[in-house]
Amino acid sequence: MNDVKKIHIIGSVASGKTTLARKLSRELELPYYELDNVVWERHQTGDIRRTEEERAEYLRQVVGMEGWIMEGVHNEWWVEESFRHADVIIFLDTNYSVRTYRIIKRFLLQKLRLERAHYTPTFRIFLKMFKWNKYFEENGKPHFFQTFEEVQDKVLKVSTVKELDQRLPSLRLTSPVENK
(Lines give C-alpha, C1' and ligand atoms only; values in the text may rest on other atoms or scores of the structure.)
Protein backbone atom coordinates (compact mmCIF):
# COMPACT_ATOMS: atom_id res chain seq x y z
CA MET A 1 0.00 0.00 0.00
CA ASN A 2 1.20 3.51 -0.73
CA ASP A 3 1.85 5.93 2.10
CA VAL A 4 -1.41 6.69 3.89
CA LYS A 5 -2.04 10.40 4.34
CA LYS A 6 -5.83 10.57 3.95
CA ILE A 7 -7.80 8.56 6.50
CA HIS A 8 -11.58 8.41 6.78
CA ILE A 9 -12.96 6.91 10.01
CA ILE A 10 -16.60 5.84 10.07
CA GLY A 11 -18.67 4.22 12.78
CA SER A 12 -21.72 4.66 14.97
CA VAL A 13 -22.20 7.05 17.85
CA ALA A 14 -19.72 6.14 20.63
CA SER A 15 -17.72 3.72 18.48
CA GLY A 16 -14.44 5.56 19.20
CA LYS A 17 -14.12 7.63 16.01
CA THR A 18 -13.08 10.92 17.62
CA THR A 19 -10.70 9.25 20.08
CA LEU A 20 -9.00 7.39 17.23
CA ALA A 21 -8.93 10.49 15.00
CA ARG A 22 -7.26 12.55 17.75
CA LYS A 23 -4.72 9.80 18.43
CA LEU A 24 -3.78 9.40 14.76
CA SER A 25 -3.74 13.16 14.29
CA ARG A 26 -1.14 13.53 17.06
CA GLU A 27 0.96 10.57 15.93
CA LEU A 28 0.91 11.39 12.21
CA GLU A 29 0.82 15.19 12.56
CA LEU A 30 -2.22 15.35 10.30
CA PRO A 31 -5.22 17.61 10.91
CA TYR A 32 -8.47 15.87 11.75
CA TYR A 33 -11.98 16.98 10.92
CA GLU A 34 -15.28 15.91 12.42
CA LEU A 35 -18.01 15.57 9.80
CA ASP A 36 -20.51 16.97 12.32
CA ASN A 37 -18.53 20.22 12.12
CA VAL A 38 -18.78 20.12 8.33
CA VAL A 39 -22.57 19.93 8.72
CA TRP A 40 -22.81 22.45 11.56
CA GLU A 41 -21.19 25.84 12.00
CA ARG A 42 -20.45 26.08 15.71
CA HIS A 43 -21.20 29.32 17.59
CA GLN A 44 -21.38 30.25 21.27
CA THR A 45 -25.02 31.20 20.78
CA GLY A 46 -25.93 27.92 19.07
CA ASP A 47 -25.16 25.79 16.06
CA ILE A 48 -26.23 26.75 12.56
CA ARG A 49 -26.69 24.09 9.88
CA ARG A 50 -24.63 24.85 6.78
CA THR A 51 -26.42 24.95 3.45
CA GLU A 52 -25.72 22.03 1.08
CA GLU A 53 -23.48 24.37 -0.95
CA GLU A 54 -21.51 25.53 2.11
CA ARG A 55 -21.14 21.96 3.33
CA ALA A 56 -19.97 20.76 -0.09
CA GLU A 57 -17.42 23.58 -0.36
CA TYR A 58 -16.07 22.97 3.16
CA LEU A 59 -15.70 19.24 2.43
CA ARG A 60 -14.07 19.94 -0.96
CA GLN A 61 -11.46 22.15 0.75
CA VAL A 62 -10.59 19.45 3.28
CA VAL A 63 -10.50 16.63 0.73
CA GLY A 64 -8.21 18.72 -1.48
CA MET A 65 -5.58 19.00 1.25
CA GLU A 66 -2.40 16.92 1.10
CA GLY A 67 -3.29 14.95 4.21
CA TRP A 68 -6.20 14.67 6.63
CA ILE A 69 -8.13 12.49 8.99
CA MET A 70 -11.90 12.71 8.71
CA GLU A 71 -14.31 11.07 11.10
CA GLY A 72 -18.04 10.77 11.37
CA VAL A 73 -21.11 8.62 11.30
CA HIS A 74 -22.24 10.14 7.99
CA ASN A 75 -22.36 7.97 4.90
CA GLU A 76 -24.85 9.85 2.78
CA TRP A 77 -24.21 10.87 -0.84
CA TRP A 78 -22.48 14.13 0.13
CA VAL A 79 -19.63 12.25 1.90
CA GLU A 80 -18.79 10.13 -1.16
CA GLU A 81 -15.97 12.45 -2.25
CA SER A 82 -14.09 11.89 1.01
CA PHE A 83 -14.46 8.11 0.69
CA ARG A 84 -13.11 8.21 -2.86
CA HIS A 85 -10.10 10.37 -1.91
CA ALA A 86 -9.26 8.46 1.28
CA ASP A 87 -6.21 6.20 1.20
CA VAL A 88 -7.86 4.04 3.88
CA ILE A 89 -11.33 3.92 5.42
CA ILE A 90 -11.36 2.62 8.98
CA PHE A 91 -14.79 1.22 9.79
CA LEU A 92 -15.18 0.97 13.57
CA ASP A 93 -17.67 -1.82 14.12
CA THR A 94 -17.64 -1.61 17.91
CA ASN A 95 -20.02 -3.94 19.75
CA TYR A 96 -23.52 -2.46 20.17
CA SER A 97 -23.56 -2.92 23.96
CA VAL A 98 -20.13 -1.26 24.28
CA ARG A 99 -21.45 1.75 22.36
CA THR A 100 -24.55 1.87 24.58
CA TYR A 101 -22.35 1.88 27.69
CA ARG A 102 -20.18 4.65 26.19
CA ILE A 103 -23.23 6.81 25.43
CA ILE A 104 -24.28 6.63 29.09
CA LYS A 105 -20.75 7.25 30.34
CA ARG A 106 -20.24 10.19 27.96
CA PHE A 107 -23.50 11.83 29.03
CA LEU A 108 -22.65 11.54 32.72
CA LEU A 109 -19.14 12.92 32.20
CA GLN A 110 -20.51 15.81 30.14
CA LYS A 111 -23.18 16.63 32.73
CA LEU A 112 -20.47 16.60 35.42
CA ARG A 113 -18.39 18.87 33.15
CA LEU A 114 -15.55 16.36 33.08
CA GLU A 115 -15.82 15.98 29.30
CA ARG A 116 -16.43 18.71 26.72
CA ALA A 117 -19.02 18.55 23.96
CA HIS A 118 -19.69 20.59 20.82
CA TYR A 119 -23.35 20.57 21.81
CA THR A 120 -25.34 21.09 24.99
CA PRO A 121 -25.69 17.64 26.59
CA THR A 122 -29.44 17.65 27.17
CA PHE A 123 -31.53 14.62 28.09
CA ARG A 124 -33.19 14.95 24.68
CA ILE A 125 -29.81 14.58 22.89
CA PHE A 126 -28.93 11.71 25.23
CA LEU A 127 -32.06 9.81 24.14
CA LYS A 128 -31.40 10.65 20.49
CA MET A 129 -27.95 9.05 20.74
CA PHE A 130 -29.59 5.70 21.53
CA LYS A 131 -31.87 6.18 18.54
CA TRP A 132 -28.91 7.11 16.27
CA ASN A 133 -26.92 4.14 17.55
CA LYS A 134 -29.75 1.73 16.72
CA TYR A 135 -30.35 3.40 13.34
CA PHE A 136 -26.67 3.05 12.39
CA GLU A 137 -26.66 -0.61 13.40
CA GLU A 138 -29.80 -1.44 11.42
CA ASN A 139 -29.49 0.97 8.49
CA GLY A 140 -26.25 2.96 8.35
CA LYS A 141 -23.86 0.02 8.43
CA PRO A 142 -25.63 -2.02 5.70
CA HIS A 143 -26.09 1.18 3.67
CA PHE A 144 -22.36 1.93 3.73
CA PHE A 145 -21.36 -1.53 2.53
CA GLN A 146 -24.07 -1.63 -0.17
CA THR A 147 -23.82 1.95 -1.45
CA PHE A 148 -20.05 2.39 -1.47
CA GLU A 149 -18.98 -0.91 -3.02
CA GLU A 150 -16.34 0.82 -5.16
CA VAL A 151 -14.29 1.81 -2.09
CA GLN A 152 -14.50 -1.51 -0.20
CA ASP A 153 -10.90 -2.39 -1.13
CA LYS A 154 -9.81 0.54 1.10
CA VAL A 155 -11.93 -0.50 4.11
CA LEU A 156 -10.25 -1.72 7.28
CA LYS A 157 -13.14 -3.05 9.41
CA VAL A 158 -12.29 -3.53 13.08
CA SER A 159 -14.32 -4.22 16.22
CA THR A 160 -11.88 -3.56 19.06
CA VAL A 161 -8.93 -1.34 19.87
CA LYS A 162 -6.75 -4.45 20.15
CA GLU A 163 -7.72 -5.56 16.65
CA LEU A 164 -7.07 -2.07 15.32
CA ASP A 165 -3.64 -1.92 16.98
CA GLN A 166 -2.77 -5.27 15.40
CA ARG A 167 -3.88 -4.25 11.90
CA LEU A 168 -2.75 -0.60 11.74
CA PRO A 169 0.98 -1.38 11.48
CA SER A 170 0.28 -3.21 8.22
CA LEU A 171 -0.67 0.14 6.72
CA ARG A 172 2.16 2.43 5.78
CA LEU A 173 1.06 5.36 7.90
CA THR A 174 3.52 8.14 7.26
CA SER A 175 4.15 11.11 9.50
CA PRO A 176 5.84 14.25 8.11
CA VAL A 177 8.91 13.51 10.25
CA GLU A 178 9.44 10.17 8.44
CA ASN A 179 9.40 11.92 5.07
CA LYS A 180 12.32 14.25 5.91
Quickly rank 102-111, 7-16 as a protection proxy: mean count of other C-beta atoms within 10 Å, highest first. 7-16, 102-111
Straight-distance crosslink candidates among lysines, where the alpha carbon sits under 21 Å from K6 and sequence neighbours closer than 8 are dropped: K17, K23, K154, K157, K180
Apply the Karplus curve 6.51 cos²θ - 1.76 cosθ + 1.60, θ = phi - 60°, to the phi angles in the stretch 5-16 and return the couplings in whole Hz, x for Gly and Pro. 10, 10, 10, 10, 10, 10, x, 6, 4, 6, 7, x
Measure nothing but the geometry: give the 0 to 90° angle between the long axis through the Cα atoms of 123-135 and the longest principal axis through the Cα atoms of the chain, rounded to 10°. 50 degrees
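Net charge around K105, counting only other residues with Cβ within less than 14 Å of its Cβ (Lys, Arg = +1; Asp, Glu = -1)?
Surrounding charge for K105 is +3.
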Compute the long axis of helix 96-111 from its Cα atoms, compare it with the longest principal axis of the Cα atoms of the chain, and write down the angle in degrees, 0 to 90, nearest 10. 60 degrees
Take the alpha carbon gyration tensor of the stretch 16-74, find the square roots of its eigenvalues, order them as a ≥ b ≥ c, and report rounded if a/c is under 1.5; if not, report prolate when a/b exceeds b/c, else oblate. oblate
Give me the percent of the accessible area of the chain that comes from carbon and sulfur atoms, probe 1.4 Å, all protein chains in place. 52 percent
Heavy-atom accessible area per residue, the chain, 1.4 Å probe: how many Å²? 60 Å²
For Q44 and E66, what is the calculated FRET efficiency with R₀ set at 30 Å and r taken between the beta-carbons, to the nearest 0.05? 0.40
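With contacts defined as alpha carbon pairs under 8 Å and 6 or more residues apart, what's the relative contact order of the stretch 30-124 in percent?
Contact order relative to length: 26 percent.
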Cα gyration tensor, the stretch 1-106 - rounded (a/c under 1.5), prolate or oblate: oblate
DSSP-defined antiparallel bridges as percent of all bridges, the chain, nearest 5: 10 percent
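The values are calculated or read from the model by the stated rules, or taken from the named source; none is laboratory data. These figures come from a predicted structure and were not determined experimentally. Heads up, the Cβs are rebuilt from the backbone with ideal geometry, glycines too, and the neighbour counts pull from every protein chain shown. The protein model used for the area step is the full one, side chains on, heavy atoms only, and it has no ligands, DNA or RNA in it. Shrake-Rupley method; radii C 1.70, N 1.55, O 1.52, S 1.80 Å.
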